[in-house]
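Below you'll find the structure, written out as structure tokens, and then a few comments.
The values are calculated or read from the model by the stated rules, or taken from the named source; none is laboratory data. Keep in mind it's a predicted model, so treat the numbers as computed, not measured. Cβ coordinates were reconstructed from backbone atoms using ideal geometry, including for glycine residues, and neighbour counts include every protein chain displayed.
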Amino acid sequence: MSRQCNQCVHFLTRQRAVQENGQMLERRETEQESRWPGQSLVRWGFPRLSGSPMGLGATAVLFCMLLDPVFLQTLEQQDLPTVAGIPSLNMKFDSWRMELSWDCKENTTYLKCVMIHKEKGPIEITPQEKDCHCKFSDYSLHDGVTLMVKVNSTQRPIPETLVYTNTGGEGTAAQNFSCFIYNANFMNCSWAKGQTAPDDVQYFLYIRDSRKKRERECPRYIEDSGTHVGCHLEDLSGLASYNYFLVNGTSQGTGIQFFDSVLSWKKIEIFSPPNNISVHCNRSHCLIRWEKPKTRHNLPNWEFKYQLDIQKQSNKEHSENQLIEVSGNWENNYHFPSPEPRAKHTVKIRASDARIEKWGAWSQAVEFGSKEPKPSLVPIYVLVVLGTLLTALILGCLLKRFFASERLFPPIPRIKDKWNDSHQRDHQVIWENFTSDTEKGDNEEILTVEEVTVTPASV
């Protein structure tokens with residue numbers, strides 16, 4: 001815009017000078033004609049502009065309007081990364097190191113580096129003074145990003161842009177990628193073959209810590225029909241809180257896209273079961289104790305939470321309502337109400353991060369209580385007492401009824417015949433009828449005593 005205005009001003013100044021020169025030539029010609037009549041001089045120079053100064057301004061405006069398309073074209077060119085008069089920065093991006101670099105130019109101030117991420121949005125970094133590079137934190141790049149450097153030139157920032165894309169056939173990248181840490185020292189990663197990946201595709205896994213100091217390739221791949229679909233690591237030394245995972249692929253006939261992800265060890269670690277579970281019972285309850293599980297990094301007790309599964313041996317079906325959740329503390333115990341006599345119980349415990357609910361595996365079941373609870377003697381005592389009372393009541397009723405009938409209906413006495421009974425009664429007993437056969441041979445003397453009743457003589 002300023003350049004076009006300068007051209008217009010220069011044109012107006014030049015035309016004003018031409019007009020003044022023309023007026024001076026006319027005066028000289030008039031003087032010469034008065035001196036040498038009949039002679040005429042041929043004038044050379046710019047064509048004259050007739051009219052008042054307003055005509056000159058209108059001409060200038062018309063000239064600026066004719067230059068307007070050029071001005072519009074210049075404005076369109078300003079939206080391009082390379083602006084006329086500013087050489088290209090020759091931007092480069094190292095995706096493995098997450099570093100954006102460019103060629104340093106003299107008399108140029110670099111204001112900001114910008115990464116436009118599809119999920120995170122714009123991410124801005126201010127470079128150090130006189131530095132011609134920026135290092136970004138780890139972000140996934142498989143969906144592509146747009147990188148930009150804002151340069152201060154002609155009193156305004158002018159950006160230069162670089163588009164980073166994931167080259168290769170669409171749908172050839174590894175999919176369903178996931179990793180998890182278990183037993184504090186082991187990690188498994190798995191992925192699936194891309195939907196449009198060719199049969200000869202082969203994938204490779206690379207891991208780099210967030211500090212960008214250590215990187216490694218998977219030492220032990222898991223294969224499916226010759227294709228790498230997983231990785232097992234037994235040495236996790238060097239892993240940081242956040243780590244960058246890259247799965248790229250190769251094929252003889254097709255370009256393979258890559259897949260990358262940034263994972264936190266806290267989100268992918270599955271806690272081991274708690275250690276040293278013990279149960280101590282008294283007459284009213286049982287105290288269950290345990291120790292926090294071994295983890296990748298030593299965490300305080302309050303960062304854990306636990307679930308207890310307490311079941312009776314007689315319960316065949318598991319009930320989710322019986323799960324008990326306990327927050328971690330320095331004691332790590334739980335008081336389970338269980339008065340005596342108690343049946344046999346089992347308890348299992350599992351752990352999780354207090355902020356990320358991702359439960360680990362259950363521990364081995366620990367038994368407590370009696371195998372076969374002894375039957376209570378109280379019901380037996382109650383039955384015996386009730387039976388005794390009922391029997392006594394029945395006997396009392398029978399005796400009472402018997403004595404009452406004896407009193408109401410006493411027996412009638414029999415009249416004794418003293419005269420006839422004394423003569424007709426045989427008072428002798430044949431002893432032989434009552435002796436056994438073995439005693440019949442023995443001689444025994446039998447003395448018979450007969451009572452004689454003397455009847456008084458009649459007077």
Among (1) surrounded by fewer than 19 Cβ atoms within 10 Å (Cβ to Cβ); (2) in contact (Cβ under 8 Å) with a residue 40 or more places away in the chain; (3) among the hydrophobic types (A, V, I, L, M, F, W, C), the one test that ALA174 misses: (1)
Collect the residues in region 110-123 that are surrounded by fewer than 13 Cβ atoms within 10 Å (Cβ to Cβ) and either of a type in the set (A, V, I, L, M, F, W, C) or out of contact with any Asp or Glu (no Cβ under 9 Å at 6 or more places or on another chain) (or both), keeping them in residue-number order. LYS120, GLY121, PRO122
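Would you mind finding the one in PRO293, PRO341 that is farther than 30 Å from GLU119 by Cβ, surrounded by 14 or more Cβ atoms within 10 Å (Cβ to Cβ) and either of a type outside the set (A, V, I, L, M) or under 26 Å from the mean Cα position of the chain (by Cα) (or both)? Show your work before the answer.
Details: PRO341 fails: surrounded by 14 or more Cβ atoms within 10 Å (Cβ to Cβ).
After applying the criteria, what remains is PRO293.
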Restricting to region 212-234, count the residues that are in contact (Cβ under 8 Å) with a residue 40 or more places away in the chain and outside any strand (DSSP E or B). 2
Among strands (runs of 3 or more DSSP E) lying entirely in region 257-310, which contain 2 or more residues that are under 21 Å from GLU367 (Cβ atoms)? 275-281, 285-291
Considering only residues that are more than 24 Å from TYR139 (Cβ to Cβ) and either outside the structural domain of VAL262 (by TED's automatic domain parsing) or in contact with a Lys or Arg (Cβ under 9 Å, 6 or more places away or on another chain) (or both), which ones fall in region 211-229? ASP224, THR227, VAL229
